[in-house]
Amino acid sequence: MNQWGGLLHEFAQWLDLRGVGDIVTLHEGNTPLLHAERLSERLGADVWLKLEGLNPTGSFKDRGMTMAITKAKAAGATTVICGSTGNTSAAAAAFAGKAGMGCVVLVPEGKIALGKLAQAIVYGADVVQIRGNFDRALNLARELTQHLPITIVNSINPDRIEGQKTGAFELIRTLGDAPDILSIPVGNAGNITAYWRGFTQWHFEGLAATLPKMWGFQAAGAAPIVLGHRVDEPETIATAIRIGNPASWVPALEAVDESHGAIRAVTDAELLDAYKFLAKNESVFCEPASAASVAGLIKYGVPKGSRVVCVLTGNGLKDPDTAVSTTATPTVVDATLEALLARLS
Ligand code: F0G
């Protein structure tokens, strides 16, 4: 049998699997790296899209969650908790369920995409909506671990970052080396931290000749790292990255400094333009937050001819409301041939 068996099997040699017994996997990872012809043409560069929305729960969070839940199980945990803008909660609920563990998720009321809420509920998590934002949810989840026998699986849990670094391994494997630039949306700043760890690890192991520049993009209304201070009331249509006080702020800045990269902001309008461009021209339907990685390239440009990978972190199907509310409603006609001929001619 030569079947893909998930990240921990595939990359065991480069992961900290000490103490691990059974691996909890949904065969996450091994996501496509799609060449973006029209975007490449538009930018005068060689642009690739890492389709993380094709993971089992539809986002990159599955990479960190296979590791975090596997480790939590090995340590004897019976229940996990996270604060989430939606994707972490969906992944935590799915992997905890697979492991036979309980899962509590705290999400900001009314500020998580419908598909993500549906996932967490249907996978069987105990979903609690709080009257507060993500930053508050994460703080409360942390505090609860002091009062209840429960393990936190946000990216402040180092096992999450450890699993997520495999995204960088896959890029190096597919391209034969690291790209010149990695473009990635930034919310809680765990993923940019994880990719940098993966790139540097394989570089120092001699498996990649070069290191990429790390380009992170935040939504303008939720851009604490760009502004250099916490944002108390973050606001953006990209609810996944509606975060005002990123937990991995410091390591993210280290990644940017060490790689000679940058973290910059894109407006909601720029992000939605990129979201629509990707769907229409590359046939990739990603989440609004994911499109920040492409919006940033369009806004700021890239050095001609450079090889760039955009990490498209989540699947567009998770957020049908944004898709429908930001595009034209399809016309309605009578159910007759005449009406259709009139409409289509
Ligand atoms: N893209 C999507 C689709 C996300 O869901 C997230 C984060 C990010 C980008 C940003 O990644 O936080 O590592 O910088 N979502 C978290 C959640 C916060 O709760 O699902 P980051």
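For the chain, give the share of DSSP beta bridges that are antiparallel, in percent and rounded to the nearest 5; count only bridges with both residues there. Antiparallel: roughly 15 percent of the beta bridges in the chain. A straight Cα-to-Cα reach below 16 Å connects LYS213 with the aspartates and glutamates ASP46, ASP177, ASP180, GLU254, ASP257, GLU258, residues fewer than 8 places away in its own chain not being considered. Positive-end ranking of THR336, ALA219, HIS229 along the dipole of the chain, with charges on Cβ about the Cα centre, is headed by HIS229.
For the listed residue pairs LYS61/LYS165; LYS116/LYS299; LYS50/LYS73; LYS50/LYS111; LYS111/LYS318; LYS165/LYS276, the alpha carbons are over 23 angstrom apart in LYS116/LYS299; LYS50/LYS73; LYS50/LYS111; LYS165/LYS276.
Heavy atoms of the protein chains alone define the surface here; on that basis the chain has 42 Å² accessible area per residue at 1.4 Å probe size. Among the protein heavy atoms of the chain, carbon and sulfur supply 53% of the accessible surface, probe 1.4 Å, non-protein parts ignored.
The values are calculated or read from the model by the stated rules, or taken from the named source; none is laboratory data. None of these values were measured; they are calculated from a predicted model. Neighbour counts are summed over all protein chains in view; Cβ atoms, including those assigned to glycine, are modelled from backbone coordinates with ideal geometry. To get the accessible areas, we keep the full protein, side chains included, count just its heavy atoms, and leave off ligands, DNA and RNA. Shrake-Rupley method; radii C 1.70, N 1.55, O 1.52, S 1.80 Å.
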